2 protein chains.
Amino acid sequence: MASTTPRRPPPVRRPGGRSSRVRAAALSATLAELTEGGYSGLSLERIASRAGVNKTTLYRRWGTRQALLLEAMLDYVGRRVPVPDTGSLREDLLGLARAAAATATAPAGEAVVRTVAGEAPWDEELAAANRRFWMERFELDSAIVERAVERGELQTGTQPGDVLEAVLAPIYFRLLVTGEPIEQRFLERVVDLAIMGVAGDE
Amino acid sequence: MASTTPRRPPPVRRPGGRSSRVRAAALSATLAELTEGGYSGLSLERIASRAGVNKTTLYRRWGTRQALLLEAMLDYVGRRVPVPDTGSLREDLLGLARAAAATATAPAGEAVVRTVAGEAPWDEELAAANRRFWMERFELDSAIVERAVERGELQTGTQPGDVLEAVLAPIYFRLLVTGEPIEQRFLERVVDLAIMGVAGDE
């Protein structure tokens, strides 16, 4: 009979398990601290204290406030801005535009957006985390365009990035630059112009 | 013979006169102070000292740092982003996009843009000055679209704001939000999508 050394099973990360509770508390505390205290006051110490978890746990798992903020952004936006799949390009883009506008103007979303706009030039780690965030989001949202191409609503070769930028950029332009209001009619107009823009492409 | 009371002639503001020299020094000092010291350190006192003019002169003429900043923005952007009139909508929009991108990424331009993005929610005077800036710029730049309609390049009823937002928004989206590079090919793509977007409109 072969001798067997008992081995400790790998830690199980069940939803609802301790690890998952720590993560949820840390991500939520990160956005709450940023929203209330701004980026300059954001630290793993303060996040740990607000989340009621050990500071060393955050250091071991995320290392920096920027890494934790990236995961908080992905989680927050992932829950609030699902990738629509209605069977219609226009409806999918409208759903995306509405959810993106609602999220970017919600307190935590706006705090993140304005922090990045104000601080990214002086904080390479923040800028890198933000670029990864947008790469992941554009990759997810590209499915909207790819499915529209499969359905024959858009031509083969349509660049998802062109469509997504045309839909999202005017929302952030009004929020951060001109201060003009972001209403439903504006979002519909932006979506229609984006679709006609790439549809006019040969 | 009617008796005439000698009246003092109104002050003449010649280009190159004292008033115009004070204005030029104040506007340039405003942007230099903002670029180097940030918005929190910007004050009429510091601007006066840098410009070598009397503080009370600035107070009497502009009243607030936000009013002075608005005039500095209009002057700076007015000199760097002229409204193109080449006889071609695409060339006009390309000229606008290139000048806007160059200005928004120049040190003083970027300082203004990031200040507004970061501070406008907390500073109603700054937000109002910024809205006036964009109203004036959109009004000026609308001429590009109106001339294209007169030439028959765009349909009657085309909204200048739709075209201008479609061209400008992606530039600021990359600068402030995604951090993606703003290259010539991107600017051309943005202009072409904007034109096709409104051209597809019935």
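The values are calculated or read from the model by the stated rules, or taken from the named source; none is laboratory data. Computed from a prediction, not measured in an experiment: that's the story for all the values here. Cβ sites come from the backbone with ideal geometry, for glycine too, and all protein chains shown count toward neighbours.
In table form, for the structure just shown:
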quantity: Residues of segment A:173-202 satisfying the condition of being more than 28 Å from A:Gly118 (Cβ to Cβ) and part of a helix (DSSP H, G or I); calculated: A:Gln184, A:Arg185, A:Glu188, A:Arg189, A:Val191, A:Asp192, A:Leu193, A:Ile195, A:Met196, A:Gly197, A:Val198, A:Ala199
quantity: The one condition in (1) in contact with a Leu (Cβ under 7 Å, 6 or more places away or on another chain); (2) under 25 Å from B:Glu188 (Cα atoms); (3) more than 12 Å from chain A (Cβ to nearest Cβ) that B:Leu96 fails to fulfil; calculated: (1)
quantity: Test: residue in segment B:123-142 that is out of contact with any strand residue (DSSP E or B) (no Cβ under 9 Å at 6 or more places or on another chain), modelled with pLDDT under 95 and not in a helix (DSSP H, G or I); calculated: yes
quantity: Check on B:Ala117, within 12 Å of chain A (Cβ to nearest Cβ), among the hydrophobic types (A, V, I, L, M, F, W, C), touching a Gly at 6+ places or on another chain (Cβ under 9 Å) and under 26 Å from A:Ala104 (Cα atoms); calculated: yes
quantity: Among residues of segment B:141-159, those that are in contact (Cβ under 8 Å) with a residue 60 or more places away in the chain and either of a type in the set (Lys, Arg) or closer than 21 Å to B:Arg79 by Cβ (or both), counted; calculated: 4
quantity: Where a residue in segment A:100-113 is closer than 20 Å to B:Arg114 by Cβ and its partner, wherever it lies, is among the polar types (S, T, N, Q), with Cβ under 6 Å and at least six apart; calculated: A:Gly109/A:Thr103; A:Ala111/A:Thr35
quantity: Looking only at segment B:120-132, and only at residues there that are surrounded by fewer than 22 Cβ atoms within 10 Å (Cβ to Cβ), farther than 16 Å from A:Ala117 by Cβ and touching a residue at least 12 places away in the same chain (Cβ under 8 Å), the one that is farthest from the other protein chains (Cβ to nearest Cβ); calculated: B:Glu125
quantity: Per-region count, segment A:158-167, residues more than 8 Å from chain B (Cβ to nearest Cβ) and either crowded, with 20+ Cβ neighbours inside 10 Å or closer than 23 Å to A:Ala106 by Cβ (or both); calculated: 3
quantity: Qualifying residues in segment B:134-157 (those that are buried (at least 17 other Cβ atoms within 10 Å of the Cβ), of a type outside the set (Phe, Trp, Tyr) and touching a helix residue (DSSP H, G or I) at 6+ places or on another chain (Cβ under 7 Å)) - the one nearest to the other protein chains (Cβ to nearest Cβ); calculated: B:Arg137
quantity: Subset of segment A:180-202 [within 10 Å of another protein chain (Cβ to nearest Cβ) and under 22 Å from the mean Cα position of the chain (by Cα)]; calculated: A:Val190, A:Ala194
quantity: B:Pro170 being surrounded by fewer than 16 Cβ atoms within 10 Å (Cβ to Cβ), facing chain A (nearest Cβ under 10 Å) and assigned to a helix (DSSP H, G or I); calculated: no
